[in-house]
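Chemist: Encoded as structure tokens, here's the structure I'll be asking about.
The values are calculated or read from the model by the stated rules, or taken from the named source; none is laboratory data. Keep in mind that this is a model prediction, so the values were computed, not measured. A quick note on method: Cβ atoms are made from the backbone with ideal geometry, for glycine too, and the neighbour counts reach across all protein chains shown.
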Amino acid sequence: MIEVQDIHKSFGDKKVLTGIDAIFEPGKVSLIIGGSGSGKSTLLKCIVGLHRPEQGRVFFNKQEFTAMDFEEKVPIRKEIGMLFQNSALFDSMTVEQNIIFTLDMFTEMSKSEKRDRANFCLERVNLMNTNKLYPSELSGGMKKRVGIARAIAMSPKYLFCDEPNSGLDPATSILIDELILELTQEYECTTVVVTHDMNSVMGIGEYIMFLHKGQKFWEGSNQDMLHSDVQELNDFVFASPL
Ligand code: ADP
Ligand code: MG
């Protein structure tokens, strides 16, 4: 479980997050939805420790991550898998090397073990025989899959996906969503997906949070969502000026 309490984050004078609270449960996909610039990526980065919030606390399984020093964070960082916005693959490395890079950072595996693990993860995301290709040789959907393969390399307990559907056609989007849901159930991990796209990923999220101007505008289960005015939420979050 991940618990986020009263997160505040500014860049210079610009207040980007002004008091976010949330609980993300294990074995489920939680969604953070909001318009462009609403602070979604910033929130994700505050949770995983890539940004330091000015105020607020983040707990992983009741342990306060925000109170830990670099060394203390390592065991939790090993349990975090992250799919970055735009996949963030290293262009100068092959697909296999991109995944091995993560294993190099966190494990003492032998070279052949790392290669086996990388190929196991690639197979899991239906990317057989791509290990020697470079990111520039892949389609957008394939890059996302490599990003996901890298995110599961360490068998994550926590999985974060920033805009997993951006730039994908609707059919590929659905496949990526299904893959994220399957992996969440397989690893029983706490999964948080950030998106600006109401239609995609809606099917996989059990907890949904709408972010607007750095604040939580609405939260609930997908069941609650059925009983609320989705169109009104959608219009408010996406049509009003930021
Ligand atoms: P989203 O992911 O919802 O589109 P972001 O979290 O990326 O939004 O950004 C929210 C706001 O914070 C934007 O106005 C963006 O310009 C600003 N911002 C994000 N990261 C930085 C940064 N490193 N430095 C300065 N401003 C930033
Ligand atoms: Mg973003």
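Chemist: Can you list the strands (runs of 3 or more DSSP E) lying wholly within segment 2-93 that have 1 or more residues being out of contact with any Ser or Thr (no Cβ under 7 Å at 6 or more places or on another chain), away from ligand 1 (no atom under 16 Å from the Cβ) and farther than 22 Å from Gln185 by Cβ?
Modeler: 2-11, 14-24, 55-60
Chemist: Right, something else. Which of the residues that make up segment 38-81 are within 16 Å of ligand 2 (Cβ to nearest atom) and either modelled with pLDDT of 95 or more or within 15 Å of the chain's Cα centre (by Cα) (or both)?
Modeler: Hits for segment 38-81 are Gly39, Lys40, Ser41, Thr42, Leu43, Leu44, Lys45, Cys46, Ile47, Val48, Leu50, His51.
Chemist: Right, another one. Scan segment 60-81 for residues that are in contact with a Pro (Cβ under 8 Å, 6 or more places away or on another chain) and either closer than 15 Å to Leu44 by Cβ or not acidic (Asp, Glu) (or both) and jot them down.
Modeler: Thr66, Ile80, Gly81
Chemist: Can you tell me which residue is modelled with the highest pLDDT among those in segment 82-93 that are out of contact with any Pro (no Cβ under 8 Å at 6 or more places or on another chain) and surrounded by 18 or more Cβ atoms within 10 Å (Cβ to Cβ)?
Modeler: In this case the residue turns out to be Met82.
Chemist: Tally time: how many residues in segment 158-185 are within 16 Å of ligand 2 (Cβ to nearest atom) and within 30 Å of Ser10 (Cβ to Cβ)? If you could, list the steps in order and put the result at the bottom.
Modeler: We begin by selecting, within segment 158-185, every residue within 16 Å of ligand 2 (Cβ to nearest atom); these are 160-168.
From what's left, within 30 Å of Ser10 (Cβ to Cβ): 160-167.
Counting residues in segment 158-185 that are within 16 Å of ligand 2 (Cβ to nearest atom) and within 30 Å of Ser10 (Cβ to Cβ) gives 8.
Chemist: Also: Taking segment 7-37, which residues are over 17 Å from the mean Cα position of the chain (by Cα), surrounded by 19 or more Cβ atoms within 10 Å (Cβ to Cβ) and among the charged types (D, E, K, R)?
Modeler: Lys9, the sole residue that qualifies.
Chemist: Of all residues in segment 203-213, count the ones that are within 16 Å of ligand 1 (Cβ to nearest atom) and either more than 15 Å from the chain's Cα centre (by Cα) or surrounded by fewer than 21 Cβ atoms within 10 Å (Cβ to Cβ) (or both).
Modeler: 4
Chemist: While we're on this one: Taking into account only those residues within segment 154-202 that are surrounded by fewer than 16 Cβ atoms within 10 Å (Cβ to Cβ) and of a type in the set (Gly, Ala, Ser), which is nearest to ligand 1 (Cβ to nearest atom)?
Modeler: Gly167
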